[in-house]
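Heads up, the thing below is written out as structure tokens.
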Amino acid sequence: IDEAIGLHDRLVRSRMVPAAFVINRVHETDTLDLSTEEIAQLAVADGLAEDAAKRISPLLLASQEKLAVLARADRIQITRLTKHCGDTYPYVEIPFFDQDIHDVDGLIQISDYLGATVSAA
């Protein structure tokens, strides 16, 4: 975000107008209000053995909480970017994908986000 703000400021000083901001690897999460017991029950209902579900449910809950922290941090930084640079530009958010983008299929995934935003703008 610091680099994007710096680039924006240099462009503006040079009388150039950015077309948009593309913010890559944004963490997203849905907050779950579940206990470890409820997570274990869901895992069992999904076919996991009960003893394994009880062992991993605290780990799943902890992972969800860490992901929520990352998502909140991303939102704070994106808000900082938009406050500094203004709301006259499109801000395109590309999610943090489960795998690295290294092939045409991955580029298509990204283009889906870019295309949807460009069409909406």
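Residue pairs, Cβ under 6 Å, 6 or more apart or interchain, first in segment 87-100 and open to solvent by less than 30 Å² (accessible area, probe 1.4 Å), second in a strand (DSSP E or B). List them.
Going by the 6 Å Cβ cut-off, the qualifying pairs are 92/22; 94/24; 95/26.
Tally time: how many residues in segment 59-68 are surrounded by 12 or more Cβ atoms within 10 Å (Cβ to Cβ) and aliphatic (A, V, I, L, M)?
Final tally of qualifying residues: 4.
For segment 18-33, how many residues are open to solvent by less than 90 Å² (accessible area, probe 1.4 Å), part of a loop (DSSP other than H, G, I, E, B) and either closer than 17 Å to residue 7 by Cβ or without any contact (Cβ under 8 Å) to a residue 24 or more places away in the chain (or both)?
Of the residues in segment 18-33, 3 are open to solvent by less than 90 Å² (accessible area, probe 1.4 Å), part of a loop (DSSP other than H, G, I, E, B) and either closer than 17 Å to residue 7 by Cβ or without any contact (Cβ under 8 Å) to a residue 24 or more places away in the chain (or both).
Is it the case that segment 83-104 has a residue that's of a type in the set (A, V, I, L, M) and more than 15 Å from the chain's Cα centre (by Cα)? It would help to see each step written out before you state the result.
Within segment 83-104, the subset of a type in the set (A, V, I, L, M) is 92, 94, 101, 104.
Now narrow it down to the ones that are more than 15 Å from the chain's Cα centre (by Cα): 104.
So far as segment 83-104 goes, yes, one or more of its residues are of a type in the set (A, V, I, L, M) and more than 15 Å from the chain's Cα centre (by Cα).
Test each condition in (1) modelled with pLDDT of 95 or more; (2) in contact with a Phe, Trp or Tyr (Cβ under 8 Å, 6 or more places away or on another chain); (3) in a loop (DSSP other than H, G, I, E, B); (4) of a type outside the set (Val, Ile, Thr) for residue 81 and report the one that comes out false.
Exception for residue 81: condition (3).
The values are calculated or read from the model by the stated rules, or taken from the named source; none is laboratory data. Predicted model, so just to flag it, every value in this text is computed and none were measured. Positions of Cβ are generated from backbone atoms using ideal geometry, with glycine treated the same way; all protein chains shown enter the neighbour counts. For accessibility, only protein heavy atoms count, side chains too; no ligands or nucleic acids. Shrake-Rupley method; radii C 1.70, N 1.55, O 1.52, S 1.80 Å.
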